[in-house]
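Encoded as structure tokens, the structure appears first; notes follow it.
The values are calculated or read from the model by the stated rules, or taken from the named source; none is laboratory data. Quick caveat: nothing in here was measured; it's all calculated off a predicted structure. Please note: Cβ atoms are built from the backbone with ideal geometry, for glycine as well, and neighbour counts cover all protein chains shown.
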């Protein structure tokens, strides 16, 4: 599936481009803040799981991660894609950036987790510095990362995990954060792992769908043929994605 065009910046929403973008040296601290919709906040454990997994998956060697919870927000839709693609979540972040709403944006990524469905794409959406995803109930149902990676069908070193609803939801959260940091789908890879095909976050399930037209990553790695193989997920960014992230120097100010 080709990346969808963001339409929410037109009409009643002032363009997200009116946020002030700064150019910096590659950062030393990456600031990420996440919020939950009111329905998402009803699931015990969702906040703890998001903290646990994002801290482990986004604490990369070239920055210190500053991860925080912004609280609960009221939204008109729980759809994890529409709340951003139709402009509601970007508008909320923009309003917070200019002091018109009680939301304090983070410099690098502002992500909203809703109770939206996770069965039919799109389930999330990512723009520069702004992202959203559904599936709060599945995140809350995840076992601890230690338990997951110690299971017989996981690989702790490569953060390879079974392809199921809970793990896929967490991977999509990482995927949309990747978009918010400037990564594209072709920063992801797929590779053979025993009798399985493993997809990293930015490629995700596009690795085994017919509606994605790429055949290799931006760094030139060919995607593995998924035909006849089982499917697994990696929760870790590919080397291609990490090389791009190492040069990340963006940010927003309000």
Residue identified as under 19 Å from residue 241 (Cα atoms), part of a loop (DSSP other than H, G, I, E, B) and touching a helix residue (DSSP H, G or I) at 6+ places or on another chain (Cβ under 8 Å) among 183, 173: 183
Matching residues in the range 46-58 - criterion: being closer than 21 Å to residue 108 by Cβ, buried (at least 17 other Cβ atoms within 10 Å of the Cβ) and touching a strand residue (DSSP E or B) at 6+ places or on another chain (Cβ under 8 Å): 47, 50, 54, 58
Odd one out for residue 43 among (1) within 21 Å of residue 181 (Cα to Cα); (2) out of contact with any strand residue (DSSP E or B) (no Cβ under 8 Å at 6 or more places or on another chain); (3) surrounded by fewer than 22 Cβ atoms within 10 Å (Cβ to Cβ); (4) touching a residue at least 12 places away in the same chain (Cβ under 8 Å): (1)
Counted residues, the range 219-235 - those being buried (at least 19 other Cβ atoms within 10 Å of the Cβ) and assigned to a loop (DSSP other than H, G, I, E, B): 2
Which listed residue, of 168, 192, is surrounded by fewer than 17 Cβ atoms within 10 Å (Cβ to Cβ), out of contact with any strand residue (DSSP E or B) (no Cβ under 6 Å at 6 or more places or on another chain), modelled with pLDDT of 95 or more and not in a loop (DSSP other than H, G, I, E, B): 192
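Out of 139, 177, I need the residue that is in contact with a strand residue (DSSP E or B) (Cβ under 6 Å, 6 or more places away or on another chain) and crowded, with 22+ Cβ neighbours inside 10 Å. Which one?
Answer to the check: 177.
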Condition check for residue 99: at positive phi, in a strand (DSSP E or B) and surrounded by fewer than 23 Cβ atoms within 10 Å (Cβ to Cβ): no
